[in-house]
Amino acid sequence: MFVDLIVETKTPASRPYFTYSLPDELEESIKIGSIVAVVFGRRKIRGLVIKIHNNKPSYPTKPIQALLSYSFSKERIQTLLWLAKYYFCSPGESLKFFLPAELVRPKIIAEKPSKDLKEIKVDLSPGQQDLYNSVIADWSANKDRHLLCGVTGSGKTEIYIKLIEKCLQNSGQTIYLLPEIFLASVILKRLKKVFGNNIQIVHSKISKSELVDAYQRFSDGRLKIIVGARSALSFLPHNLKLIIIDEEHDSSFKQEQSPRYDARLLAEKMAEYENCHLILGTATPRIESYFEALEGKYQLLELPDRFSQLLPETTVVDMRDELKSKNFSVISEKLKVSLTEIIGQKSQAILFLNRRGLATFVSCRDCGFIEMCPNCNIPLVHHLNDNRDILECHQCDYKKDLPTRCSSCGSVYIKSFGTGIQKIEAEVKALFPKARILRLDSDLKEKEFEEITKKIHDNDFDILIGTQIIAKGLDLPNVDLVGIISADTALHFPDYHSGELTFQIVTQVSGRAGRRGKQGQAIIQTYWPDNQAIKFAATHSYRDFYALEVEVRKIFDYPPFKKIVRLVSQNEDKDKARLEIRRIAKVLKDAGLECAGPAPAFYKRIRNRYRYHLIIKIDDKDREKLYNLLYPVSDKFIIDIDPVNML
């Protein structure tokens, strides 16, 4: 007997599967969906059985080495094959995503006793209860996909908890996705108060043994709830009944390495193939998600009011007026006054800036030379690291000490330009020397991150300064003021998402102010106060923003009206990168596909490789044609389906 396998490695288009011989002693045990260990080249890897037959191939075959403890259902195989086909990757890459990190099962980690589910009860408001009842009625009518649009502070998490309880009553499992590790750890504490220890957080910082043990316990039904980032969708369930994607608008749900999947779409397919419920929740839905809800693909649920009934009072500060009044600080006079009042009242404030580091670039004031990354040809960012001034590349992580003289002309007159989060921190400390000030961003070391998150959980701060990490679903009851240092960061990137991203981030960050019956205030600093995304965010007007944005998308055939595919050619040889993208562009255009470009990417060189890209717009009828043209040459390009990063 022989078996055809998908093996967990990238394979060429001409070899989607490989044939192995089946030892006699395994004939009774092996079935379609079995996971087996095999020798592939010189490596021992895993394979998925997709066919069992007695057709001897024309070449010598290797025997299966062992039958492993996992087995895929036909529904999971459907999901795996869909993932490979939709995202133009090999079935082996798709399989690798759905398997745990280790080949051999680890030592089982002792489980902690679980609390009684009724020990801590979550009560819903009348509005939340009505919405919950609506979801349960839809589930009974086989309407399994919901988009929950609730303003910040409306109590979406409480509804999620009640839905998880409902699934647990039928021994169902839940996967709860969040965009950030920090936010996942916050939610985990809330869920454990209700569900005890029958819950596992999954992210990049837990050990491989913990990860594999959780995978095993989820696959055999002992573990009921998984909380984590997008990769939690890879977990093999025993009886999956519910997938929750909180903050569904967030771009981090899109994977940037192959398979370049979008967790929202993958979850949708899992719900379809594996027969479970799907809830997408956010205060600021993606344009595509809201459009699909209005079209009937999702059941649209709305919580228009806060639990406390009060949205923050919002003030837009025109930073051009600050310059006219000779205030050259990045903190406006209005924000300084409000911060002083908040500290005097023993309340808390959040300051948001979507930039890491001390400054955005370093330049010579004599000759104009800018310190650039030698690998990426983009400006190096000034950081303070362990009390050392360094320059760092945010693309390839190249680092060097801040020079004391210009690298080009030798002048000592070099200066940092622009403002990063570390510079804001220094300025705020100078303004408020007695205040307890915390900074939370991705530059922190793991130990620093843990110390600061504990202080945030304990409300042990006066001012929290942060980047995007603090914009995502935090519920801090004592924060009465949010200051957005620059609302314009994403506004002028060459990306059709830029207005949407600006609206989302301003709305989400503003929503951290005023909880538990207090209104709070948000101060939005901008050089473009008349921009529609900022104006609608300041008035919490999602529907008005959506109506404007969807009309623009329709005019230019952007999603949701057509799909976008981004093709990137990169090579250390600039000419080869350019010629390769030109060649494929001609093939695609000759086939009648709509293409923009090719052109140099916004980041023209990263890690010493020159980059050219091509943007393709397709209807559903074009997908098969594009797949047949691109998949055979997919090893030569980055193929990004539904990209969120156009740079």
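Quick notes on this one:
- Segment 426-456, subset in a helix (DSSP H, G or I) and modelled with pLDDT of 85 or more, residue nearest to Gly344 (Cα to Cα): Leu431
- Count of segment 37-76 residues which are surrounded by 15 or more Cβ atoms within 10 Å (Cβ to Cβ), under 31 Å from the mean Cα position of the chain (by Cα) and free of Cβ contacts under 8 Å to residues at least 60 places away in the same chain: 5
- Test: residue in segment 203-210 that is on the phi < 0 side of the Ramachandran plot and crowded, with 18+ Cβ neighbours inside 10 Å: no
- Pairs, first more than 18 Å from Arg439 (Cβ to Cβ) in segment 328-350, second hydroxyl-bearing (Ser, Thr, Tyr) and outside any helix (DSSP H, G or I), C-beta under 7 Å, six or more apart: Lys334/Thr315
- Residue count for segment 545-587 satisfying the condition of being of a type in the set (D, E, K, R) and part of a helix (DSSP H, G or I): 12.
- Among residues of segment 120-177 being assigned to a helix (DSSP H, G or I) and among the basic types (Lys, Arg), the one that is surrounded by the most Cβ atoms within 10 Å (Cβ to Cβ) is Lys156.
- On inspection, Leu335 qualifies as assigned by TED's automatic domain parsing to the domain that holds Thr489 and crowded, with 16+ Cβ neighbours inside 10 Å.
- Checking Asn571, Asn531 one by one, the residue that is touching a residue at least 12 places away in the same chain (Cβ under 8 Å), more than 28 Å from Leu301 (Cα to Cα) and touching a strand residue (DSSP E or B) at 6+ places or on another chain (Cβ under 7 Å) is Asn571 and no other.
- Apart from one condition, Arg607 fits all of (1) surrounded by 16 or more Cβ atoms within 10 Å (Cβ to Cβ); (2) at pLDDT below 90; (3) more than 30 Å from Phe328 (Cα to Cα); the exception is (1).
Here's the yes/no breakdown for (1) closer than 28 Å to Glu256 by Cα; (2) modelled with pLDDT of 85 or more:
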| position | (1), (2) |
| --- | --- |
| Glu341 | no, yes |
| Phe361 | yes, no |
| Arg365 | no, no |
| Cys376 | yes, no |
| Pro379 | yes, no |
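- Scanning segment 619-647 for residues that are of a type in the set (Val, Ile, Thr) and closer than 16 Å to Asp262 by Cβ turns up Ile638, Ile639, Ile641, Val644.
- Residue in segment 239-260 that is in contact (Cβ under 8 Å) with a residue 60 or more places away in the chain, among the hydroxyl-bearing types (Ser, Thr, Tyr) and crowded, with 22+ Cβ neighbours inside 10 Å present: no
- Residue in segment 555-569 that is over 18 Å from Tyr631 (Cα atoms) and surrounded by 19 or more Cβ atoms within 10 Å (Cβ to Cβ) present: yes
- Residues that are in a helix (DSSP H, G or I) and in contact with a Leu (Cβ under 6 Å, 6 or more places away or on another chain) within segment 499-531 comprise just one, Thr502.
The values are calculated or read from the model by the stated rules, or taken from the named source; none is laboratory data. Since the model is a prediction, treat every value here as computed from it, not as a measurement. Reconstructed Cβ throughout: ideal geometry from the backbone, glycine too, with neighbour counts over all protein chains shown.
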